[in-house]
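Before anything else, here's the structure in question.
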Amino acid sequence: MNGQQEYAVWADGLRKRYGETCALDGFDLAVRRGTVHGLLGPNGAGKTTAVRILATLVRLDGGRVTVAGVDPARDPQGVRRRIGLTGQYAALDESLTGRQNLEVFGRLFRLGGRRAGHRAGQLLEEFGLTEAGDKGVDEYSGGMRRRLDLAVSMILTPEVLFLDEPTTGLDPRARGEVWDTVRTLVAGGTTVLLTTQYLDEADRLAAHITVMDRGRAIADDTPGGLKNTVGGDRIEVVTAHARDLRRVAAVIARVAVPGAEPETVERERRVHAPVDDRVAALTEVARTLRDEGVQVEDLGLRRPSLDDVFLRLTGHRTEAAR
């Protein structure tokens, strides 16, 4: 890797220890400008430590970093002027209105009263909160609070925005609202580094994904590229009765990719395996199971998911998928 201008965030060989614990063990990262880059990993993988180092909140023990073209170790204030950071929980004062929250943060960022008020109005409009701007934050829905929290992080129009699990605890509608907001920010030129436990979130938003484990990057590719490492299409059958699982596995084995053994998940009464010719495989399995009188609750084809990738790379599923 190199620290060329095409990267908004670049890290080479980051190391960080907390006593006997090695949080980062040679972590590398390259985030292209104007994109959403997903950072995935199990709990304890080092994601939070990496983000804290990049955001100048923690000093690294070794390695090299540039954020928006600035070295955090040499010029932390220069980095802070160029970034925004939104944590897992909204940092808002519920006793104030949305507009007042933005104005307070604007003053904290030394915009002055008039500029802070003007910027608050701009952000309320940009984040679709104008009508709610003069309502108390305690009246906001979860999605509105998160959008206001994002607006706070954008007061200084940062080049790079760090989002740490931005939709944790939100319902599907609110999550969709936040996703739309993130896409709008990126369309305006902001680079986003996203950490999340929701793999569908990374799949929908991120142009590139880095998977971490034990303080290192263990995979780095586009969502599609990562899925291709698991394999192509898979045929999947859910039986009505557990007693038929062996028969189903034998049928699927005939159409599976050579050398691939069907996998059986007994508690779900599900059997699946990779296939090359998806249409022929589906037709053959459906006909054979019908002829053998096997009752099926579900039969279909599916593409690998990021959850499959995560399971293959780390040995277990994310917390959100359990």
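Evaluate the following for D134: is it over 26 Å from V51 (Cα atoms) and of a type in the set (D, E)?
Taking the combined requirement at face value, the residue satisfies it.
Oh, and also: Here's a check for you: in the stretch 61-90, which residue that is surrounded by fewer than 22 Cβ atoms within 10 Å (Cβ to Cβ) and hydrophobic (A, V, I, L, M, F, W, C) is nearest to L185 (Cα to Cα)?
L85
Here is a further query. Kindly check whether there is at least one residue in the stretch 259-270 that is more than 30 Å from Y18 (Cβ to Cβ), touching an Asp or Glu at 6+ places or on another chain (Cβ under 9 Å), buried (at least 18 other Cβ atoms within 10 Å of the Cβ) and not acidic (D, E). Full working, then the answer.
To start, the set of residues in the stretch 259-270 that are more than 30 Å from Y18 (Cβ to Cβ) comprises 259-270.
Filter once more, keeping what is touching an Asp or Glu at 6+ places or on another chain (Cβ under 9 Å): 269-270.
Then keep just the ones that are buried (at least 18 other Cβ atoms within 10 Å of the Cβ); that gives 269.
So of that shortlist, the ones also not acidic (D, E) come out as 269.
Yes - at least one qualifying residue is present in the stretch 259-270.
For V294, work out the one condition from (1) at pLDDT below 95; (2) assigned to a loop (DSSP other than H, G, I, E, B) it doesn't fulfil.
Here V294 clears every test but (1).
Considering each residue of the stretch 169-189, count those that are over 13 Å from V36 (Cβ atoms) and either crowded, with 18+ Cβ neighbours inside 10 Å or of a type in the set (K, R) (or both), and give that number.
The number of residues fulfilling the criteria is 5.
Is it the case that some residue within the stretch 241-255 is farther than 30 Å from G13 by Cα, touching a strand residue (DSSP E or B) at 6+ places or on another chain (Cβ under 6 Å) and modelled with pLDDT under 95?
So in the stretch 241-255, the residues farther than 30 Å from G13 by Cα come out as 241-255.
Still in the running and touching a strand residue (DSSP E or B) at 6+ places or on another chain (Cβ under 6 Å): 245, 248-249, 252.
Checking the rest, the ones that are also modelled with pLDDT under 95 come to none.
Scanning the stretch 241-255, I find no residue that is farther than 30 Å from G13 by Cα, touching a strand residue (DSSP E or B) at 6+ places or on another chain (Cβ under 6 Å) and modelled with pLDDT under 95, so the answer is no.
I would also like to ask the following. Applying the selection to the stretch 79-136, what residues are among the β-branched types (V, I, T) and in a helix (DSSP H, G or I)?
If we filter the stretch 79-136 for residues that are among the β-branched types (V, I, T), which is where we start, we get 79, 83, 86, 97, 104, 130.
Of everything in the stretch 79-136, those that are among the β-branched types (V, I, T) and in a helix (DSSP H, G or I) turn out to be V79, V104.
Inspect all residues belonging to the stretch 261-281 and state whether any of them is in a helix (DSSP H, G or I), under 26 Å from the mean Cα position of the chain (by Cα) and over 22 Å from R33 (Cα atoms).
Taking every residue of the stretch 261-281 in turn, none turns out to be in a helix (DSSP H, G or I), under 26 Å from the mean Cα position of the chain (by Cα) and over 22 Å from R33 (Cα atoms).
Moving on. When both residues are 6+ apart or on different chains and their Cβ atoms are under 7 Å apart, which pairs have a first residue that lies in the stretch 247-265 and is touching a residue at least 40 places away in the same chain (Cβ under 8 Å) and closer than 18 Å to Q295 by Cα, and a second that is of a type in the set (V, I, T) and in a strand (DSSP E or B)?
V248/V237; V248/T239; V248/V271
L163 versus (1) in a loop (DSSP other than H, G, I, E, B); (2) in contact (Cβ under 8 Å) with a residue 24 or more places away in the chain: which is the lone unmet condition?
(1)
Determine, yes or no, whether E131 is on the phi < 0 side of the Ramachandran plot, surrounded by fewer than 18 Cβ atoms within 10 Å (Cβ to Cβ) and without any contact (Cβ under 8 Å) to a residue 24 or more places away in the chain.
Considered against the rule, which asks whether it is on the phi < 0 side of the Ramachandran plot, surrounded by fewer than 18 Cβ atoms within 10 Å (Cβ to Cβ) and without any contact (Cβ under 8 Å) to a residue 24 or more places away in the chain, E131 comes out as yes.
Scan the stretch 287-295 and tell me whether some residue there is loosely packed, with under 13 Cβ neighbours inside 10 Å and touching a residue at least 40 places away in the same chain (Cβ under 8 Å).
Yes: one or more hits.
Let's see how each residue does on (1) on the phi > 0 side of the Ramachandran plot; (2) not acidic (D, E); (3) not assigned by TED's automatic domain parsing to the domain that holds V152:
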site: A11; (1), (2), (3): no, yes, no
site: Y18; (1), (2), (3): no, yes, no
site: D28; (1), (2), (3): no, no, no
site: A50; (1), (2), (3): no, yes, no
site: L92; (1), (2), (3): no, yes, no
site: G112; (1), (2), (3): yes, yes, no
site: A116; (1), (2), (3): no, yes, no
site: L123; (1), (2), (3): no, yes, no
site: E126; (1), (2), (3): no, no, no
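The values are calculated or read from the model by the stated rules, or taken from the named source; none is laboratory data. Given the structure is predicted, the values throughout are model-derived calculations rather than measurements. Here Cβ is always computed from backbone atoms with ideal geometry, including for glycine, and neighbour counts include all displayed protein chains.
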